[in-house]
Amino acid sequence: MPRITLSSVIASLALTTAATAETKIELWHAMGGALGETVNQIAENFNASQDEVQLTPVFKGSYEETLTAGIAAFRAGEQPHIMQVFDAGAATVIGAKGATVPVQDLLADNGVDFKIEDYISGVRYFFADSDGKMIGMPFNSSSPIMYYNVDALEAAGVTPPATWEEFQETTAPALANAGYIPLAQSHLPWIFTENFMSRHNLPFATNDNGYDGLETEILVNNDSIKAHFTALTEWQESGFFEWYGTGWGDNQTPFEEGKVAIWLGSSGSFGGLSKKDLGFDFSATYLPYWEAVTTEPKQTFIGGAALFAMSGKSDAENAATAKFFEYLTAPETQVFWHKETGYVPITEAAYELAAAEGYYQEQPAAEIGIKQLSLDAGENTRGYRMGFYVQIRDVMNREYGRILTGETSVEDAFSTIEEEANQLLARFAKTQG
Amino acid sequence: MKRAGFTTISLPVLLLLPQLVIIAVFFYWPTVVAIHSSFYLQDPFGFGSTFVGLENYADLLSSREYRKIAWFTVVFSGLVTFFSLAIALVLAVKADKVLRGAKTYRTLLMWVYAVAPPVAGFIAVIMFNQSWGPLTEFFGLFGHRFMVGVNFNDTAFSMVLASVWKQVPVNFIFFLSGLQSIPRSVREAALIDNRSASGRFWDVTFPLLAPTGFFLLIINITYSLFDTFGIVDTVVKGEPGNNPMTLVYKVYVDGFRGNDLGGSSAQSVILMVLVLALTIFQFRLIERRIHYT
């Protein structure tokens, strides 16, 4: 039977006082499963590395649920110190001036060196304001890349396509003949809309993709993307492309089962795929582009999410948050995160460290995301900033689903998307009034 | 005769107070807040807002999509209510006649009652899994490639199926006890008057079951409008896409996923008005035709 002795009471009291000397901060995130365990591991390592700050990560569900929980908490004055917000929620959290402390200011105020040039080019400005000041700290940054089943491509006698023309004329027919479904993808708005614009350097919205003001209109109803979706429907008919619904996993599963030869997913899917016993070799390369649209393909946007320092906290707590951000951006932490999850390292230094360790010799596919993000930039490649973007994506998903189930035409779908998206943008502008 | 009563007004008020406070805090206050915010477009974090009058309502009523969802909700609720009641009634009538092993039989039928809606939805997701779902394979036998999450009708079918399956046991319990409360003498008298079993059912049993049926009708309409949320959410896996959804789910999608507080408040107010109208309609028109014994 355990006995409570005087010394044990004193010992536990001593522990409590030691704990209260630390500044406690909370991080609300949306990383489930293996990703969540990696976040916990980073928090543990951070807590063990110093004794001034105690970080507690809290899993809050999906990206949307995390944002909603954070907003509700903010309105009740109970916000966490750090909140993870995904790409589509960027306009909401950055638009609410005063909800967050810009990460660039936070770091500068707390004596942490900050140079935006230290970050790899594709991640610098997505979560920045129109002047290029970084507001959210990019955390789990990914980009859509093309995964392929090496065995399938070998069996069909083809190499991964660099352009959609090559896919259409050479790759797809050969793969179909070899008994594979040539192509599937997991996120039509992200891969075939947002990053389609970036890869082909097409403007996505007025006002410099929405960064420069609220009176923004979407420019999605253009001939290049409509031609792409028309091609998709033709590929679907000739058995070159299959769509398994809006759910991410429903489209990834057939690739994992070896039915689909080429799957467009996130560079962040790499960690999960390489931990699975797939029964075939897979690799990855850049997202293809249409030669008919551009002969100089550009970099893609980052997807994923950023960490925002919420306002309304004491100076000591802000200093603690800055300390965690400093730890998080350290090359060693970034390389750990990169290797565990497949998300890209966000700084040049971390990228160099991973390369110096010889990681990309072992895993060339793990480098594709970062290489694609570091391709040439264009005037339309830094990102986009649109309000109510979660609903705009829902509208896209709905109309794309209708195109691919034959309920509507490409022409009608894109004019509906344009009309509804512009209504949503106009509504959002009024919420900021 | 002496009438018991309170001598002062303060004591009854005091006794009623807890109930009134609960109603005010949990029903009236949210209602007032919803109506208020339906006239505004506001920043989710609460920094800015613009008074827009009836614009949120006008946007909704002029939206083709919203009308489509409303129509789907009507069809969905109609199907779920009808099949839940009809299947439960058949089962109850049959179970009422079972003599041997009646208890086991009834318990087995009631079992599903314990399943929560999201779990029912999850079971549907598994049964209709695109690559290995047993029901997907069953439909495959007839040459139909069943695709939940891709095909609108297939997805709607799986939602209706899961919702009906989940609701049948509740209705079954009520119908069965309704049947058992019909006096034996009435049934025996009917037996002399009419030899046809179905004739006896429609002339005697069914009208006597009407109070139970009416109660269940209201419960089932409410269930299919509101409680099926968990099923819809799990079947669409949180991604509305081109999938069918109900009005309640739309409130969630716009308000809780999209943070459009004004728009989703307007939707809740519309739903409130609809439910109010439905309730008045039911009690005014249908209840009059029902005889309580």
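Where a number appears in this text, it was derived from the coordinates with a stated rule and is not lab data. The model shown is predicted, which means the values in this text are computed figures rather than measured ones. So basically every Cβ, Gly included, is an ideal-geometry build from the backbone, and we count neighbours across all protein chains shown.
Report, in order of residue number, the helices in chain B meeting two criteria: a C-alpha extent of 20 Å or more along the helix axis, and a mean Kyte-Doolittle hydropathy of at least -0.5; treat each whole DSSP H run as one helix.
B:64-97, B:152-180, B:206-222, B:261-281
Could you list which residues have their amide H under 5 Å from that of A:Phe139, counting only those 5 or more apart in sequence or on another chain, with H placed in the peptide plane?
Hits under the 5 Å cutoff: A:Ala305, A:Ala306, A:Leu307.
For the protein assembly as shown, how big is Rg over Rh, using alpha carbon atoms and the Kirkwood form of Rh?
1.03
List the residues of segment A:313-343 whose backbone N lies under 16 Å from a point placed 7 Å from the Cα of A:Asp109 along the Cα-to-Cβ direction.
Counting only backbone N, you get A:313-326.
Rounded to the nearest 0.05, what FRET efficiency is calculated for B:Leu17 and A:Asp212 with R0 set to 56 Å and r the Cβ-Cβ distance?
In this case the efficiency is close to 0.50.
Kindly put A:Met396, B:Met147, A:Met146, B:Met272 in sequence by how many other C-beta atoms sit within 10 Å of each C-beta, fewest to most.
B:Met272, B:Met147, A:Met146, A:Met396
Could you calculate the contour length gain from B:His144 to B:Trp111, that is, 0.36 nm times the residue separation minus the distance between their Cα atoms, to one decimal place in nm?
8.8 nm
Calculate, for A:Glu237 and B:Val90, the FRET efficiency according to 1/(1 + (r/R0)^6) with r their C-beta to C-beta distance and R0 35 Å; round to the nearest 0.05.
Plugging the Cβ-Cβ distance into 1/(1 + (r/R0)^6) gives 0.20.
Under the rule of -39500 (n - 2.57) per DSSP H run of 4 or more residues, summed and divided by the residues of chain A, what mean residue ellipticity at 222 nm is obtained, to the nearest 500 deg cm²/dmol?
-13000 deg cm²/dmol
With charges set only on the Cβ (+1 for Lys and Arg, -1 for Asp and Glu), what does the dipole of segment B:64-289 come to about its Cα centre, in debye to the nearest 20?
I would put it at about 620 debye.
Using the Karplus curve 6.51 cos²θ - 1.76 cosθ + 1.60 with θ = phi - 60°, work out ³J(HN,Hα) for each residue of segment A:242-250 in order, rounded to whole Hz, and write x for Gly and Pro.
Karplus values, whole Hz, x for Gly and Pro: 10, 10, 10, x, 7, x, 4, x, 4.
Over chain B, what is the mean sequence separation of C-alpha contacts under 8 Å (at least six apart), divided by residue count, expressed as relative contact order in percent?
Normalised by residue count, the contact order of chain B is 28 percent.
Starting from segment A:50-79, pick out the GluC sites (Glu not before Pro) whose DSSP state is loop and whose Cβ has at most 13 other Cβ atoms within 10 Å.
Those satisfying the criteria are A:Glu52, A:Glu78.
Would you work out which of B:Val98, B:Ile22, B:Gly263 lies farthest towards the positive end of the dipole of chain B? Charges go on Cβ: Lys and Arg +1, Asp and Glu -1.
Farthest towards the positive end: B:Val98.
Note the angle between two axes, namely the Cα long axis of helix A:6-20 and the longest principal axis of the Cα atoms of chain A, as a number of degrees from 0 to 90, rounded to the nearest 10.
50
Would you calculate the convex hull of the Cα atoms in chain B and tell me its volume per residue in Å³?
Per-residue hull volume (Cα only) is 230 Å³.
Working only with C-alpha atoms, what are the Rg and Dmax values of chain A, expressed in angstrom?
Spelled out, the Cα radius of gyration and Dmax of chain A are 23.0, 81 Å.
Of all the Cα-Cα pairs you can form in segment A:135-261, what percent are over 17 Å apart?
Looking at segment A:135-261, the distances longer than 17 Å represent 64 percent of pairs.
Most exposed first by the Cβ proxy, i.e. fewest other Cβ within 10 Å, how do A:Thr408, A:Thr295, A:Thr170 rank?
If I rank by nearby Cβ atoms, fewest first, I get A:Thr295, A:Thr170, A:Thr408.
Determine the dipole magnitude for the protein assembly as shown: charges of +1 sit on the beta-carbon of Lys and Arg, -1 on that of Asp and Glu, nothing else is charged, the reference point is the Cα centre, and the result goes in debye to the nearest 20.
Value, rounded to 20: 5000 debye.
Quick one: B:Phe256, A:Phe86, fewest Cβ neighbours within 10 Å first, how do they rank?
B:Phe256, A:Phe86
Using the beta-carbon distance between A:Asn222 and B:Ala277 and R0 = 30 Å, what value does 1/(1 + (r/R0)^6) give for FRET efficiency, to the nearest 0.05?
So, using R0 = 30 Å, E works out to roughly 0.10.
How many nm is it between the label spots at B:Phe215 and B:Ser10, if each spot is 7 Å from the Cα in line with the beta carbon?
The modelled label-to-label distance comes out at 4.1 nm.
Along the Cα-to-Cβ line of A:Ser283, 7 Å from the Cα, sits a label point; which residues in segment A:370-384 have backbone N less than 18 Å from it?
Within reach of a label on A:Ser283, which here means backbone N under 18 Å from a point 7 Å along Cα→Cβ, segment A:370-384 contributes A:370-372.
Let me know the shape class of segment B:1-148, please: from the alpha-carbon gyration tensor, a ≥ b ≥ c as square roots of the eigenvalues, rounded when a/c is under 1.5, otherwise prolate if a/b is greater than b/c, or oblate.
oblate
Can you give me the pair-distance distribution of segment B:202-274, C-alpha pairs, 10 Å bins, whole percents?
Cα pair-distance distribution for segment B:202-274, in percent: 17, 37, 24, 14, 7, 1.
Going by Cα centres, segment A:167-209 and segment B:197-233 are how many Å apart?
50
Setting aside same-chain residues fewer than 8 positions from B:Lys166, which lysines have a Cα under 20 Å from its Cα?
B:Lys94, B:Lys237
Can you give me the angle between helix A:389-404 and the longest principal axis of chain A, using Cα atoms only, in degrees from 0 to 90, rounded to the nearest 10?
Value to nearest ten degrees: 30.
Students often forget the sequence filter, so: which lysines lie under 18 Å Cα-Cα from A:Lys339 once same-chain residues fewer than 8 apart are removed?
Answer for A:Lys339, where 18 Å is the Cα cut-off: A:Lys275, A:Lys276, A:Lys371, listed by chain and number.
Between the helical axis of A:315-329 and the dominant principal axis of chain A, each derived from Cα atoms, what acute angle in degrees is found, rounded to the nearest 10?
Tilt relative to chain A: about 50 degrees.
Positive end of the dipole of segment A:148-229, charges at C-beta (+1 Lys, Arg; -1 Asp, Glu), about the Cα centre: which of A:Tyr211, A:His187, A:Ala176 has its Cα farthest in that direction?
A:Ala176
Once the dipole of segment B:64-289 is set up with Lys and Arg at +1 and Asp and Glu at -1 on Cβ about the Cα centre, which of B:Phe172, B:Ile123, B:Val74 lies farthest towards its positive end?
Among B:Phe172, B:Ile123, B:Val74, the one farthest towards the positive end of the dipole of segment B:64-289 is B:Phe172.
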